[in-house]
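J.: Before I ask anything, here is the structure I am working with.
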Amino acid sequence: MATTAKNDKTRDTKPQAISGADIVVQSLVNHGVDTVFAFPGGASIPLHQALTRFRDRVRVILPRQEQGGGFAAQGYARTTGKVGVCMATSGPGATNLVTSIADAKLDSIPMIAITGQVGTAVIGTDAFQETPIVEVCRSVTKHHYLVTSVGDVARVVREAFHVATTGRQGPVLIDVPKDVQQALTVPDYDVPMELPGYHLEERRAGAAEIAQMAAMIRKARRPVIYAGGGVIAADASEELAELVRQTRIPVAMTLMGLGAFPGDDPLSLDMPGMHGSVYANYALDEADLLLALGVRFDDRVTGKVSEFAKRSRIVHVDIDPSEINKIKPAHLPIVSDVRYALLELNKVVQPPDDLTEWHQQIAAWKKADPFGYDGQFQGILPQHAISELYRLTKDRDAIITTGVGQHQMWTAQHYKFRRPRTHICSSGLGTMGFGLPAAIGAKAAWPDRLVIDVDGDGSLLMNIQEMATAYCEKLPVKVMILNNMHLGMVVQWEDRFHAANRAHTYLGPIDHPEAIGLGNGITPEERYPDFVAVAAGFSWSGRHVSEKSELTEAIQEMIDSPGPYLLDVQIPYQEHVLPMIPSGMTVRELIKK
Ligand SMILES: Cc1ncc(C[n+]2csc(CCOP(=O)(O)OP(=O)(O)O)c2C)c(N)n1
Ligand SMILES: [Mg+2]
């Protein structure tokens with residue numbers, strides 16, 4: 001129960017009662033939080049006041065829009081494996097966080113979103129800046145709380161960290177009414193948790209399951225590992241590498257899994273799925289054993305589910321029992337922490353008898369259909385720009401974030417991620433506007449590393465205000481725009497499936513013929529907006545590049561610049577991301593050209 005300040009003084013006992021807001025912040029500190037992305041407002045002023053009392057322990061980064069704060073918290077979480085914390089006021093502040101919460105849910109990112117709420121006395125009355133944010137977010141959080149008593153604050157925050165970081169990770173929302181932030185009590189940070197419906201009985205593979213998996217591997221002739229974000233979330237990359245070292249089984253990585261295994265290793269098949277490599281898709285189609293590790297058989301990977309990996313026996317290892325048999329029945333389902341399962345497997349596994357033929361087949365597929373592009377093209381092709389970026393940064397342990405669209409897929413294809421947590425993008429929700437704020441959050445976590453947002457012009461515009469955050473908070477990230485002046489991925493679908501009918505996908509003035517698909521290309525003078533001028537307004541450095549001969553030097557200038565830097569790479573919009581398996585189709589409908 002809430003204790004009033006007066007009561008406390010009369011009792012004159014130690015320790016002292018403190019406010020709900022202070023308990024929130026002290027709890028964050030107790031859980032090792034050193035950075036919070038928070039935008040204030042009437043209903044969260046006490047929380048911000050409390051944060052100032054912890055200045056020496058918690059850095060507060062002020063995003064310029066709450067969605068940016070949510071994505072920055074994710075950039076922090078995705079690159080560190082720690083919980084990302086964001087905060088907003090009630091009403092519009094809270095609803096601005098919703099997309100980033102949903103995004104964290106679909107990609108299983110540990111995040112805690114704290115929102116101020118109107119006072120408990122007026123909840124439900126349409127009070128000023130009231131939204132029932134717990135109701136709004138119910139199905140896009142792993143768990144959520146409306147805290148109605150200051151006595152609950154310490155327990156709730158403790159539970160929130162537990163839920164966000166255990167089992168399959170995910171976002172937790174804590175909505176704290178203003179009077180609860182202001183009320184005083186003596187906190188007990190070790191209060192027992194009350195999570196009756198949350199039983200994390202040991203999710204560990206049993207010895208029999210491991211033995212069976214090993215037996216299936218031993219017998220396989222055409223095995224493939226299909227590795228996803230779960231491998232990274234479980235910090236199981238080393239164990240995966242060890243399995244591959246022992247068995248020589250090739251590895252396909254999902255968009256969330258890129259970097260789980262070195263992309264430049266000869267046994268990497270790169271990414272499978274809609275815009276995956278030909279060889280990954282062929283290998284999955286012909287595999288006789290699929291080791292599905294920390295994956296969820298997303299439709300962007302499977303295409304037509306009944307045809308996906310249909311010659312294959314499937315071993316599915318996942319921490320979340322609800323993923324097992326959800327999309328694709330597994331011959332050997334194993335509910336387990338992936339790292340634990342791999343550690344145990346590596347103790348007993350024996351390689352398949354002879355993979356020579358399988359390796360030769362894959363090498364032939366790789367040779368026939370590598371990720372390619374027209375090297376003779378006069379201007380700058382997006383794939384070339386990514387390849388150059390990779391060449392110039394591969395030994396820098398750089399962190400690369402992206403927006404959503406063609407540029408995101410080209411980055412996944414042409415940048416060979418070698419380490420986990422170096423490729424950061426909104427995968428499941430596919431949220432444009434993710435790249436810049438995520439880069440800012442990553443830079444806050446890793447001030448000494450090179451952090452580059454490879455962005456689309458459309459995506460960047462969705463959170464371009466975060467340029468101010470990068471500058472003012474001294475977080476010198478780089479943005480490399482693949483600027484096609486279009487919503488390129490939608491243009492690609494228009495071209496392929498709607499007779500190239502342009503339907504609101506041109507990002508320049510509507511009186512330009514390109515707006516209805518009748519133009520003749522875009523000259524540098526017609527480029528809109530002038531991103532370098534915009535960047536300059538935010539005190540960023542930057543430059544345009546449209547000549548192929550200047551590209552390498554321009555990228556190097558971006559890398560070498562000490563402050564935030566925007567490189568506007570002007571590319572044609574006519575380029576398509578290939579290969580492509582159209583939605584719901586199979587490897588037999590794979591488009592190469
Ligand atoms: C918030 C949001 N709105 C709409 C979409 C649908 N969408 C997916 S890709 C895309 C085009 C993105 O354009 P841009 O950022 O310029 O990237 P490009 O495809 O041109 O590389 C759109 C509109 C989305 N993914 N996210
Ligand atoms: Mg674009």
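The values are calculated or read from the model by the stated rules, or taken from the named source; none is laboratory data. Predicted, not measured: the structure shown is a model, and the values here were computed from it. When we count neighbours, we look across all protein chains shown, and the Cβ atoms used for this are built from the backbone with ideal geometry, even at glycine. Note: areas computed on protein heavy atoms with side chains; ligands, DNA, RNA excluded. Shrake-Rupley method; radii C 1.70, N 1.55, O 1.52, S 1.80 Å.
J.: For the condition among the polar types (S, T, N, Q), loosely packed, with under 13 Cβ neighbours inside 10 Å and either assigned to a helix (DSSP H, G or I) or in contact (Cβ under 8 Å) with a residue 12 or more places away in the chain (or both), what is the one hit in S549, S539?
T.: Going through S549, S539 in turn, the sole match is S549.
J.: Just to be sure, is V534 within 16 Å of ligand 2 (Cβ to nearest atom) and in contact (Cβ under 8 Å) with a residue 40 or more places away in the chain?
T.: Judged against the criteria, V534 is a match.
J.: Could you say which residue among D190, D175 is in a strand (DSSP E or B), at negative phi, out of contact with any Asp or Glu (no Cβ under 7 Å at 6 or more places or on another chain) and of a type in the set (D, E, K, R)?
T.: D175
J.: Another question, if that's okay. Would you be able to tell me the number of residues in the range 364-379 that are in a helix (DSSP H, G or I) and either exposed (fewer than 13 other Cβ atoms within 10 Å of the Cβ) or among the charged types (D, E, K, R) (or both)?
T.: 4
J.: Given P132, P110, which one is free of Cβ contacts under 8 Å to residues at least 40 places away in the same chain and either under 19 Å from the mean Cα position of the chain (by Cα) or open to solvent by 60 Å² or more (accessible area, probe 1.4 Å) (or both)?
T.: P132
J.: Now for a different question. Among the residues of the range 256-267, is there at least one that is over 21 Å from the mean Cα position of the chain (by Cα), at pLDDT 95 or above and over 27 Å from A368 (Cβ atoms)?
T.: no
J.: Given (1) more than 21 Å from V29 (Cβ to Cβ); (2) outside any strand (DSSP E or B); (3) not β-branched (V, I, T), where does A72 come up short, assuming only one miss?
T.: (1)
J.: While we're on this one: Here are some residues: E194, E201. Which one is open to solvent by 60 Å² or more (accessible area, probe 1.4 Å) and under 22 Å from I324 (Cβ atoms)?
T.: Just a single option satisfies the conditions, and that option is E201.
J.: Being of a type outside the set (K, R) and in contact with a Ser or Thr (Cβ under 9 Å, 6 or more places away or on another chain) is the filter here, so list the residues in the range 358-380 that pass it.
T.: W365, D369, P370, F371, Y373, G379, I380
J.: Taking the stated definitions as given, is N484 crowded, with 23+ Cβ neighbours inside 10 Å, among the polar types (S, T, N, Q) and touching a Phe, Trp or Tyr at 6+ places or on another chain (Cβ under 6 Å)?
T.: For N484, the condition - crowded, with 23+ Cβ neighbours inside 10 Å, among the polar types (S, T, N, Q) and touching a Phe, Trp or Tyr at 6+ places or on another chain (Cβ under 6 Å) - is met.
J.: Which residue is nearest to ligand 2 (Cβ to nearest atom), if the candidates are limited to the range 491-517 and must be in contact with a helix residue (DSSP H, G or I) (Cβ under 9 Å, 6 or more places away or on another chain) and touching a residue at least 60 places away in the same chain (Cβ under 8 Å)?
T.: Only one residue fits best here, namely V491.
J.: Are any residues in the range 473-496 under 22 Å from F71 (Cα atoms) and away from ligand 1 (no atom under 11 Å from the Cβ), and if so, which ones?
T.: Once the filter is applied, which keeps residues that are under 22 Å from F71 (Cα atoms) and away from ligand 1 (no atom under 11 Å from the Cβ), the range 473-496 yields E473, K474, L475, P476, V477, K478, V479, M480.
J.: Something else about it: For residues that are part of a strand (DSSP E or B) and near ligand 2 (Cβ under 9 Å from one of its atoms), scanning just the range 477-490, find the one that is farthest from G435 (Cα to Cα).
T.: For the range 477-490, the residue satisfying everything is H486.
J.: What's the total number of residues in the range 310-327 that are open to solvent by 10 Å² or more (accessible area, probe 1.4 Å) and assigned to a strand (DSSP E or B)?
T.: Residues that pass the stated criteria total 2.
J.: Which condition number does V150 fail, the rest of (1) open to solvent by 10 Å² or more (accessible area, probe 1.4 Å); (2) more than 27 Å from the chain's Cα centre (by Cα); (3) of a type in the set (V, I, T) being met?
T.: It fails just one condition, (1).
J.: Limited to the range 552-593, what total is found for residues that are in a loop (DSSP other than H, G, I, E, B), more than 16 Å from ligand 1 (Cβ to nearest atom) and on the phi < 0 side of the Ramachandran plot?
T.: Counting residues in the range 552-593 that are in a loop (DSSP other than H, G, I, E, B), more than 16 Å from ligand 1 (Cβ to nearest atom) and on the phi < 0 side of the Ramachandran plot gives 11.
J.: Quick one: which of A533, A470 is away from ligand 1 (no atom under 16 Å from the Cβ), open to solvent by less than 20 Å² (accessible area, probe 1.4 Å), part of a helix (DSSP H, G or I) and small (G, A, S)?
T.: Of A533, A470, the one residue that is away from ligand 1 (no atom under 16 Å from the Cβ), open to solvent by less than 20 Å² (accessible area, probe 1.4 Å), part of a helix (DSSP H, G or I) and small (G, A, S) is A470.
J.: Also, I was wondering about something else. Please verify whether A50 is touching a Pro at 6+ places or on another chain (Cβ under 7 Å), at pLDDT 95 or above, closer than 17 Å to V186 by Cβ and assigned to a helix (DSSP H, G or I), treating the condition exactly as stated.
T.: Spelling it out, it is not the case that A50 is touching a Pro at 6+ places or on another chain (Cβ under 7 Å), at pLDDT 95 or above, closer than 17 Å to V186 by Cβ and assigned to a helix (DSSP H, G or I).
J.: Does the range 497-510 contain any residue that is closer than 20 Å to T35 by Cβ, within 16 Å of ligand 1 (Cβ to nearest atom), at pLDDT 95 or above and not small (G, A, S)?
T.: No, there is no match, as no residue in the range 497-510 is closer than 20 Å to T35 by Cβ, within 16 Å of ligand 1 (Cβ to nearest atom), at pLDDT 95 or above and not small (G, A, S).
J.: So, of the residues in the range 389-411 that are aliphatic (A, V, I, L, M) and more than 16 Å from ligand 2 (Cβ to nearest atom), which turns out to be surrounded by the fewest Cβ atoms within 10 Å (Cβ to Cβ)?
T.: L392
J.: With the condition kept exactly as written, say whether any residue in the range 520-529 is surrounded by 13 or more Cβ atoms within 10 Å (Cβ to Cβ) and either over 29 Å from I559 (Cβ atoms) or in contact with a strand residue (DSSP E or B) (Cβ under 6 Å, 6 or more places away or on another chain) (or both).
T.: No, the range 520-529 contains no residue that is surrounded by 13 or more Cβ atoms within 10 Å (Cβ to Cβ) and either over 29 Å from I559 (Cβ atoms) or in contact with a strand residue (DSSP E or B) (Cβ under 6 Å, 6 or more places away or on another chain) (or both).
J.: Looking for something closer than 23 Å to N96 by Cα, open to solvent by 30 Å² or more (accessible area, probe 1.4 Å) and part of a loop (DSSP other than H, G, I, E, B) - is there at least one such residue anywhere in the range 443-463?
T.: No, every residue in the range 443-463 fails to be closer than 23 Å to N96 by Cα, open to solvent by 30 Å² or more (accessible area, probe 1.4 Å) and part of a loop (DSSP other than H, G, I, E, B).
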